[in-house]
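Got a structure here, written out as structure tokens. Questions coming.
The values are calculated or read from the model by the stated rules, or taken from the named source; none is laboratory data. Remember, it's a predicted structure, so these values are computed and weren't measured experimentally. Cβ placement follows ideal geometry from the backbone for every residue including glycine, while neighbour counts extend to all protein chains displayed. For accessibility, only protein heavy atoms count, side chains too; no ligands or nucleic acids. Shrake-Rupley method; radii C 1.70, N 1.55, O 1.52, S 1.80 Å.
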Amino acid sequence: MSYFENIKALPLKESPIIMGIETSCDETAVAIVKGGRQILSDVIISSATEHARFGGVVPEIASRGHTTAILEATKKALDDAKLKLQDIDAFAVTEGAGLLGALLVGVSFAKSLAFSTNKPLVPVSHIRGHIAASYLADTTLKPPFVTILASGGHTAIVAVDDYYKLNVLGSTIDDAVGEAFDKVARVLGLNYPGGPNVERLAKEGKNVVPLPKMLKNYVGGEYDFSYSGLKTAVINYVHTQEQKGLEVNKSDVANSFQHAAVDVLVEKAFMALKKTGYKTLAVSGGVGANGYLRDALVNAVRGKDIKLVIPEKRYCTDNGAMIAAEGYLQYKKGNFADLSLNAKAVVPLR
């Protein structure tokens, strides 16, 4: 029998121990999760400081970083969980979306682990992984709920109708919100990563710079977003002030941008709650670590019959635990891959 025939014949465990491997960008992350909710270990090795010199992620540097870090991260994850490789019931790995070279490191490594132990190989969408982080934040959470998906590559309002069905109510028609944070950080002279640095600077400023309300009079979907115009408005404002010889209050620019970028996420999330009738709102993706967004959501649900689920900041950004959590769901469905599994730079938002 072939490897794939062997694993398809294996009985599914009720509470499997799953290793999640995430290498889609600049974090080499390996975690071990039991039963989809209990984190046994969680290791992240980041190459962000190396990319900061270049003002953003350099794909080749990211890929090389993964090749040198992935074995170390795996060994530490096993040691922290006090487990051996043979104790793992399945290996879940991000197959996409992300940097192709970086993804290939994780996919190739996961395939070798699965084949050598004769255990299932579970392909996981990075997007679904972010959403599954909410199950780690609240181990009692069950669908249906609405989630704000906000990251460097995606911005959407998603109705999670059940564990496997995602209904995308609206998404960005151009830049993602995390991408906009990075670009605004660059024009303000801030280092990579942009999001945390813009947030830090915004705390010193006020919301006084006039910026456009996104998608005003837009004839498309009422839950859609556009961050390209907002980003351009910030760039134009800064350049105009500089050309006039006027001082740019960068703290005020950062604060005003953050309000414009985040307030619309909160507004449209509550529109979605009203439309669906769902009573739970979750946050997923790296921008979920933004303190202003987290505070705005806490204030917005105060006094309302709405349950709010916000993962720890560590589980908003890229991590292996979220991949293992989604891997658990795919494991229960029997969604296993054979050794022809390949990385995908783009996966559908569904």
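Answer yes if at least one residue in the stretch 19-32 is touching a Leu at 6+ places or on another chain (Cβ under 8 Å) and surrounded by fewer than 21 Cβ atoms within 10 Å (Cβ to Cβ), and no otherwise.
no
Take Y292 and decide whether it is in contact with a Pro (Cβ under 9 Å, 6 or more places away or on another chain) and open to solvent by 30 Å² or more (accessible area, probe 1.4 Å).
So Y292 fails the test.
Could you tell me which numbered condition I148 fails, if it satisfies all but one of (1) out of contact with any Phe, Trp or Tyr (no Cβ under 7 Å at 6 or more places or on another chain); (2) of a type in the set (V, I, T); (3) more than 13 Å from G286 (Cα to Cα)?
Only one criterion in (1) out of contact with any Phe, Trp or Tyr (no Cβ under 7 Å at 6 or more places or on another chain); (2) of a type in the set (V, I, T); (3) more than 13 Å from G286 (Cα to Cα) is unmet by I148, namely (3).
Checking the conditions here, which among N236, N207, N197 is open to solvent by 40 Å² or more (accessible area, probe 1.4 Å), at negative phi and touching a residue at least 12 places away in the same chain (Cβ under 8 Å)?
Working: N236 fails: touching a residue at least 12 places away in the same chain (Cβ under 8 Å); N197 fails: open to solvent by 40 Å² or more (accessible area, probe 1.4 Å).
Just a single option satisfies the conditions, and that option is N207.
Condition first: more than 27 Å from N197 (Cβ to Cβ) and either assigned to a strand (DSSP E or B) or open to solvent by less than 20 Å² (accessible area, probe 1.4 Å) (or both). Now tell me which residues in the stretch 33-70 satisfy that.
The answer is V33, K34, G35, G36, Q38, I39, L40, S41, I70.
Then there is this: Suppose we filter the stretch 264-294 for residues that are aromatic (F, W, Y) and within 20 Å of N197 (Cβ to Cβ); how many remain? Talk me through it step by step, then tell me what you get.
Restricting attention to the stretch 264-294, the residues satisfying the condition of being aromatic (F, W, Y) are 270, 278, 292.
Subset that is within 20 Å of N197 (Cβ to Cβ): 292.
Number of matching residues: 1.
Restricting to the stretch 268-298, name every residue that is aliphatic (A, V, I, L, M) and out of contact with any Gly (no Cβ under 6 Å at 6 or more places or on another chain). Can you show your working first?
So in the stretch 268-298, the residues aliphatic (A, V, I, L, M) come out as 269, 271-273, 281-283, 287, 289, 293, 296-298.
Hits for the stretch 268-298 are A269, M271, A272, L273, L281, A282, V283, A289, L293, A296, L297, V298.
Which is in contact with a Leu (Cβ under 7 Å, 6 or more places away or on another chain) and in contact (Cβ under 8 Å) with a residue 60 or more places away in the chain, of A261, A289? Full working, then the answer.
Values: A289 fails: in contact with a Leu (Cβ under 7 Å, 6 or more places away or on another chain).
Residue meeting the stated conditions: A261.
Next question. Considering only residues that are in contact with a strand residue (DSSP E or B) (Cβ under 8 Å, 6 or more places away or on another chain) and hydroxyl-bearing (S, T, Y), look in the stretch 152-177 and name the one that is farthest from A254 (Cα to Cα).
S171
In this structure, does K250 turn out to be modelled with pLDDT of 95 or more, open to solvent by 50 Å² or more (accessible area, probe 1.4 Å) and either under 30 Å from N167 (Cβ atoms) or touching a Ser or Thr at 6+ places or on another chain (Cβ under 8 Å) (or both)?
Against the criterion (modelled with pLDDT of 95 or more, open to solvent by 50 Å² or more (accessible area, probe 1.4 Å) and either under 30 Å from N167 (Cβ atoms) or touching a Ser or Thr at 6+ places or on another chain (Cβ under 8 Å) (or both)), K250 does not qualify.
Would you pick out the residues in the stretch 8-18 that are open to solvent by 20 Å² or more (accessible area, probe 1.4 Å), in a loop (DSSP other than H, G, I, E, B) and touching a residue at least 40 places away in the same chain (Cβ under 8 Å)? Lay out the reasoning, then the answer.
Of the stretch 8-18, the ones open to solvent by 20 Å² or more (accessible area, probe 1.4 Å) are 8-15, 17.
Cutting the leftovers down to in a loop (DSSP other than H, G, I, E, B) gives us 9-15.
Within the stretch 8-18, L10, L12, K13 qualify.
Got a sec? Which of A110, A48, A73, A69 is under 19 Å from I127 (Cβ atoms) and either without any contact (Cβ under 8 Å) to a residue 12 or more places away in the chain or not hydroxyl-bearing (S, T, Y) (or both)? Walk me through it before giving the result.
On the way: A48 fails: under 19 Å from I127 (Cβ atoms); A73 fails: under 19 Å from I127 (Cβ atoms); A69 fails: under 19 Å from I127 (Cβ atoms).
Every option except A110 fails the conditions.
Specify which of the listed residues (K313, K333) is out of contact with any Pro (no Cβ under 7 Å at 6 or more places or on another chain), open to solvent by 10 Å² or more (accessible area, probe 1.4 Å) and without any contact (Cβ under 8 Å) to a residue 60 or more places away in the chain.
K313
Quick one: in the stretch 71-103, of everything that is outside any helix (DSSP H, G or I) and of a type in the set (A, V, I, L, M), which residue is nearest to N167 (Cα to Cα)?
My answer is A97.
Of all residues in the stretch 104-153, count the ones that are in a helix (DSSP H, G or I) and open to solvent by less than 30 Å² (accessible area, probe 1.4 Å).
17
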